[in-house]
1. Would you check which residues across segment 227-252 are crowded, with 19+ Cβ neighbours inside 10 Å, part of a loop (DSSP other than H, G, I, E, B) and modelled with pLDDT of 95 or more and list them?
2. Which count do you get for residues in segment 104-125 that are out of contact with any Ser or Thr (no Cβ under 8 Å at 6 or more places or on another chain) and buried (at least 22 other Cβ atoms within 10 Å of the Cβ)?
3. Filter segment 177-200 down to the residues that are surrounded by fewer than 20 Cβ atoms within 10 Å (Cβ to Cβ) and in contact with an Asp or Glu (Cβ under 8 Å, 6 or more places away or on another chain), then identify the one that is farthest from residue 233 (Cα to Cα).
4. Looking at 88, 101, 29, can you tell me which residue is surrounded by 23 or more Cβ atoms within 10 Å (Cβ to Cβ), at pLDDT 95 or above and closer than 25 Å to residue 151 by Cβ?
5. Does segment 154-164 contain at least one residue that is more than 13 Å from the chain's Cα centre (by Cα), more than 22 Å from residue 213 (Cβ to Cβ) and at pLDDT 95 or above?
Amino acid sequence: MNASEGDLAPQVRSILSAARARPGGERRLTVDARSFPAAVEATESEGRVPLIAEVKPTSPTTDGVRDDDPVELAREMVAGGATALSVLTEPEHFGGSTDSLERIRDAVDVPVLRKDFVMNETQLDVVESDLILLIARFVGDDLSNLVDAAKDRGFQPLVEVHTKDELDAALATDADIVGINNRDLGKLEVDLGTFEDLASHVPDDVLLVAESGVKTADDVRRMREAGADALLVGTAIMDGDVRENTRNLSSL
């Protein structure tokens, strides 16, 4: 199920090449994770929409760089009602760092997702987080082993999919959290219909996250009506006042 390099956008091929070359951790981690499902339940009990707000300095699909202190951005997102945070640790293309993740996780009390391109088991051991992203398309047949390895360390793996085949592969693992990415990582094109097409195939006992392309309150409602338990939002929160943007999208 590994994607052939030829059908990927040049930016994505560059990201994967860099990811494969990055070293893993020097020791096996043991993580005492903050529960993401419990945080989602608590948010919903308050009548708000569970949002994973993303600290994303830059990306291949956005213009410019946001150079605010990432810890202050994270605190503002939590103040705006974020259920959890996603922190980029990919350095070359997204301006992220493991240092930022460590500082943010120390500064907030919500679950923190490490968003990166983890390609092998040793890369799980680079930095502690509560959730860790595993992209089905890029890890291929190693997905189930990586899910197990992540859970053995105490991480909550968020398995990201974009197609029905990838979703089937994710559901065949022990993953409890699945994210449906509306962005085709091969072409970097976004279609909210992707989530709507796949969400109905996800069992009720799997926590389902809608990723990418959510910009407006209408988009939030659309994803929630299609079955999203939570939404991961990056650019729409980072573009402007992050506290106000988070509050607006989580207070529907």
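The values are calculated or read from the model by the stated rules, or taken from the named source; none is laboratory data. What you see is a predicted model; the values in this text were computed from it and never measured. Heads up, the Cβs are rebuilt from the backbone with ideal geometry, glycines too, and the neighbour counts pull from every protein chain shown.
1. 228, 229
2. Total satisfying the criteria: 4.
3. Once the filter is applied, the top-ranked residue is 186.
4. Among 88, 101, 29, only 101 is surrounded by 23 or more Cβ atoms within 10 Å (Cβ to Cβ), at pLDDT 95 or above and closer than 25 Å to residue 151 by Cβ.
5. Yes: segment 154-164 contains one or more residues that are more than 13 Å from the chain's Cα centre (by Cα), more than 22 Å from residue 213 (Cβ to Cβ) and at pLDDT 95 or above.
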